Amino acid sequence: MPWKRRPYTGRDLSAALNIADLREAARRRVPGFAFEYVEGGAEDEATLRGNREAFAALRFVPPTLVNTEGRSLATELLGAPCGAPLAIAPTGLNGMLHPHGDIALARAAAAFGIPYTLSTVSTTLLEEVAKQAGGRLWMQLYVMRNRAIAEDIMHRAAASGYEALLFTTDANVFGSREWDKRNYRTPGHPRLRAALDTLRHPRWLTQVLLRHGIPSFRNIEAFLPPGAANAVGGSTIIPQMFLPTITWEDIAWVREHWPRKLFIKGVLSVADARRAAELGCDGVVLTNHGGRQLDYCVAPIEVLGEIAAEVGDRLTVLIDSGFRRGTDIAKALALGADAVLVGRAALYGLAAAGEAGVRRALEMLTVELDRVLGQLSCRTVRDLGPHLLRGPGVPPSR
Ligand SMILES: Cc1cc2nc3c(=O)[nH]c(=O)nc-3n(C[C@H](O)[C@H](O)[C@H](O)COP(=O)(O)O)c2cc1C
């Protein structure tokens, strides 16, 4: 029989070698509908695929014979020390993947000295995350038709010590994730096939569903009609609650209620980045929402170079969408990003093994990034620059 390469399929986290291995472990542990919720992209999933393909077009040109002993990933974000140029991205419904998913993610982030971003539609109260996890916490904001919800989130996050607000601006018109929708008869009500599939995942069934019940959107529960607070009822109502009339004018309103650092999450053009700077924002997150919103959208890494060149001296530039490897992170830092938000890579760890799984995901990414630094003859993340890259959007260097 010819020799065949096989990915690792066991449960030992230390034997999982990369994020793709963790993804397989996640796929096995949670029911198909929960995995599809994490994995899926909008419509033809062209944006989703493009996020990965864009990294393949960028190649390194490594200098050689440089001493790289004593390398460090340590950096600064928003004027405070950071263990690595990373933060965990905001993701809703984490409690569906693991009990107390938000706390597990936040604790793992704290262990690596990096910020955790809690979603407006999290399954844990923001106060609870602050109490139980500590570390550097950022809050993500969705603005819904009832603006009192956003005001409540901002006031509570400020009172609980959250350091920054990531105002998400690319989901006001909700994306259509068709593969996700196919798992439900009507929003929130799984088809028989999807419901039966949960029986093939007894660990998830007992740890998540039987012990803790259907997860709820705890942060905004008080504002939802009866029966709409949990994942079943909320799936129908929440996508219709987003405020489509939101504009740049509303930054002034956000500023009235949020006294600390402010990022716009959803910027993909130089013009919008410039506008964020002119309006006094502290930073931007270049993102296409991990391919879950607009299909056939540019990958953030493709526009990073031009945006960082324009606003990098005035704004903190963060980026996400498709980051799965240390090489991906190194490419973004070389093109001018201050840090990368980790989305699904952390969720695969969470779904596979809770906090230990998230720690393993962060360990993989930081160990890989450290290795790439060394292979690129760099000692710190500040040594990375466009001179180490070739490809589309990379400014020419000698
Ligand atoms: C399951 C899931 C839920 C998400 N929920 C939110 C959210 O509540 N708020 C938000 O601003 N972005 C949300 N995002 C987008 C992430 O913050 C981030 O932009 C994206 O995951 C980055 O792409 P990546 O997953 O390929 O790393 C979500 C993404 C996923 C995968």
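Taken together, the values in this text are just the output of simple stated rules run on the coordinates, not laboratory data. As the structure is a computational prediction, the values presented were derived from the model and not from experiment. Cβ sites come from the backbone with ideal geometry, for glycine too, and all protein chains shown count toward neighbours.
Take the Cα gyration tensor of the range 253-398, multiply each eigenvalue by 5, square-root it, and list the three semi-axes largest first, rounded to whole angstrom.
Over the Cα atoms of the range 253-398, the semi-axes work out to 24, 22, 15 Å.
For LYS331, go through the aspartates and glutamates and keep the ones whose alpha-carbon is under 15 Å away, minus same-chain ones fewer than eight residues off.
GLU53, GLU302, GLU306, ASP320, GLU368, ASP370, ASP383
Grab the Cα-Cα distance for LEU199 and VAL367, subtract it from 0.36 nm times how many residues apart they are, and report the gain in nm with one decimal.
56.8 nm
Kindly write out, for the range 350-355 in residue order, the coupling ³J(HN,Hα) from the Karplus curve 6.51 cos²θ - 1.76 cosθ + 1.60 (θ = phi - 60°), rounded to whole Hz, with x marking Gly and Pro.
Listing the rounded values in order: 4, 5, 6, 7, x, 4 Hz.
Can you figure out the FRET efficiency of SER397 with LEU125, using R₀ = 41 Å and their beta-carbon distance, to the nearest 0.05?
E(calc), rounded to 0.05, equals 0.25.
May I ask you to derive the FRET efficiency for ALA158 and SER269 from their Cβ-Cβ distance with R0 = 25 Å, giving the value to the nearest 0.05?
FRET efficiency, ALA158 to SER269: 0.25.
For the chain, count the residues as N, evaluate 2.2 N^0.38 Å, and divide the Cα radius of gyration by that value, please.
So the chain has a normalised radius of gyration of 0.96.
Would you work out which of LEU118, LEU192, GLY393 lies farthest towards the positive end of the dipole of the chain? Charges go on Cβ: Lys and Arg +1, Asp and Glu -1.
Result: LEU192.
If you take the beta carbon distance between HIS212 and THR64 as r and set R0 to 45 Å, what does 1/(1 + (r/R0)^6) give as a FRET efficiency, to the nearest 0.05?
Step by step, r from the Cβ atoms, then E = 0.25.
Assign unit charges at the C-beta atoms only (+1 for Lys and Arg, -1 for Asp and Glu), then state the dipole size of the range 314-375 relative to its Cα centre in Debye, rounded to the nearest 20.
120 debye
Note the full-extension length gain between ASP250 and SER176 as 0.36 nm times their separation in residues minus their Cα-Cα distance, in nm to one decimal.
Using 0.36 nm per residue and subtracting the Cα-Cα distance, I get 24.1 nm.
Please enumerate, by chain and number, the aspartates and glutamates with C-alpha under 14 Å from the C-alpha of LYS261, excluding those fewer than 8 residues away in the same chain.
Result set, ordered by chain and number: GLU163, ASP282.
DSSP beta bridges in the chain, what fraction antiparallel, as a percent rounded to 5?
Once the DSSP bridges in the chain are tallied, antiparallel ones form about 25 percent.
In whole angstrom, note down how far apart the Cα centers of the range 313-364 and the range 198-228 are.
Between the Cα centre of the range 313-364 and that of the range 198-228, the gap is 27 Å.
Using the Cβ atoms and a cut-off under 13 Å, what net charge is assigned to the surroundings of ALA308, where Lys and Arg are +1 and Asp and Glu are -1?
That works out to -2.
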